[in-house]
1. Only one of these conditions is not met by Asp253: (1) without any contact (Cβ under 8 Å) to a residue 24 or more places away in the chain; (2) more than 14 Å from ligand 2 (Cβ to nearest atom); (3) out of contact with any strand residue (DSSP E or B) (no Cβ under 7 Å at 6 or more places or on another chain). Which number is it?
2. Return yes when Glu323 is farther than 30 Å from Pro218 by Cβ, touching a residue at least 12 places away in the same chain (Cβ under 8 Å), surrounded by fewer than 17 Cβ atoms within 10 Å (Cβ to Cβ) and assigned by TED's automatic domain parsing to the domain that holds Ile126 and no when it is not.
3. Can you tell me which of (1) of a type outside the set (Gly, Ala, Ser); (2) assigned to a helix (DSSP H, G or I); (3) more than 14 Å from the chain's Cα centre (by Cα) is the one Leu106 doesn't meet?
4. Taking Lys422 as the residue in question, decide whether it is in contact with a Gly (Cβ under 9 Å, 6 or more places away or on another chain), modelled with pLDDT of 95 or more and buried (at least 18 other Cβ atoms within 10 Å of the Cβ).
5. I'm told Val385 meets every condition in (1) within 16 Å of ligand 2 (Cβ to nearest atom); (2) under 27 Å from the mean Cα position of the chain (by Cα); (3) more than 16 Å from Ile258 (Cα to Cα) except one. Can you identify the failing condition by its number?
6. What number of residues in the range 1-43 are farther than 14 Å from Glu57 by Cα, surrounded by 11 or more Cβ atoms within 10 Å (Cβ to Cβ) and of a type in the set (Gly, Ala, Ser)?
7. Regarding Ile359, is this residue closer than 25 Å to Ile126 by Cα, among the β-branched types (Val, Ile, Thr) and touching a residue at least 60 places away in the same chain (Cβ under 8 Å)?
8. Does Ile135 qualify as being closer than 30 Å to Asp434 by Cα, in contact with a strand residue (DSSP E or B) (Cβ under 6 Å, 6 or more places away or on another chain) and away from ligand 2 (no atom under 16 Å from the Cβ)?
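The values are calculated or read from the model by the stated rules, or taken from the named source; none is laboratory data. These numbers were taken from a predicted model, which means no experiment stands behind them. Counting neighbours? That spans all protein chains shown, and the Cβs are built from the backbone with ideal geometry, glycine included.
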Amino acid sequence: MGRIFQRKNRKGYYLQVAVPRELRKELKTTSIVRKLSNNKSESFSMKKEIEEKIKKELRDLKNKNLLDKKESYKDEYDMRIDNLYMKFNHEYFQKNLVLNEKAMVLSYWHCIGHEADFKEKNSYQIVKFFNLEIIIHNYKGNLWAIENSCPHRGTKFFNTNRGNSKITCPYHGWTFTPDKAFIPRKDTFKDEKLINDARPKEWKIRNINGLIFISYKPLFSIQEQLGDEVFQIICLIGESIYQNYSSQDIVFDSNWKIAIENALEPYHISMVHKNTLAPLGISNGQNKLYDWASIFHDKIKSSKLKKTKRLFEKMLKIKFDFEGYWSLYLFPFSMISSTEATTFAHQLYQPSPKLDSTICLTKLWCMEPNNKKYDESLKCFYKSVSETNLQIFKEDAEICSQINIESWNEKPLNFESTLEIKINHFRNCLRKSDKLVN
Ligand code: FES
Ligand SMILES: [Fe+2]
């Protein structure tokens, strides 16, 4: 509390406010004194306002000091980590990169599926990036993307990853469409403008010949991010896909970067996929590297596979054709691959808030048959491809769970095999992205 007093040999009335202990040293005083007025009653009526003003100035100064202290603590902490990292040359002291990765989530276009995955009205799919969930939803035939968090009090609209429903919050029933909102008992909300503007957080969505991309605040247009060549390929694949055969979630007990790097190299096939992928005879192949994408392609010599291909060529409308095994990686989280262009598999590696967990959403997409009479034999084929793919992913998940995240860093690989070129390309993308998002 401030007090009013008069000074010896001076006219008027003064206000004295005590300075908090922690600021006394800096201000070199224990109290602040301000003249109010020469008139006694005027001075008393001014007291409250001036006292509040002085207290506010003191509070602001205190807060600023606290912030400065925090900043210097942070610098000191960063410095210590840098020093320890240099001293031991061990990844144990790496800086936590998750902040940059979260910025990356918001800055890039992510291929999350194909419109064939959302054929029915009100069908939806949720994708998860760290602790952010995005719903892609079919509203009367049009797809839109919003965060899975009600603007009212943050309840999740849905708690299953895929399904069919309107966007209605289970808590108080707020319901949204792309351009309307229904809010029960709207009359009880005081601020009319605020309640009329209530919307879930919306993401940008693009459809490239059926393939669906989402982003929150993209650094590039999709065409720029993919580059002309990959964009053309995406157009062709998008056009070829006719149906979603299956969607499955596979849990990797490993960091998302470890799961991606595993998917980027064929080096492990003979050890990890002895009975599943290895019999195809995938070998060195060829790699093509783009700014934010990479392609691996290997012509497989298996005569059995060639025979099957000839059979399927008659049955399917194949628009993007190639021989052998082909796989396209789209930075940061998605992958589209195919054997002999007869089906396409899509994987979305979704990073989790837990450093050692990734949910890989994998889909099998099929092409349009040339004739209905092939339906049954194609179904059998898709069933066996889907089962084999699942087995391959389980083998990948198992080996990835044995890799320690602390053995990983963003630097180029220490031992570099030509079979692992795409890993270095991926790490290079991460380093480039770190610079761009900061
Ligand atoms: S939290 Fe969603 S309606 Fe209340
Ligand atoms: Fe693998």
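1. Unmet condition: (1).
2. For Glu323, the condition - farther than 30 Å from Pro218 by Cβ, touching a residue at least 12 places away in the same chain (Cβ under 8 Å), surrounded by fewer than 17 Cβ atoms within 10 Å (Cβ to Cβ) and assigned by TED's automatic domain parsing to the domain that holds Ile126 - is met.
3. (3)
4. Judged against the criteria, Lys422 is not a match.
5. Unmet condition: (2).
6. The qualifying residues number 4.
7. yes
8. yes
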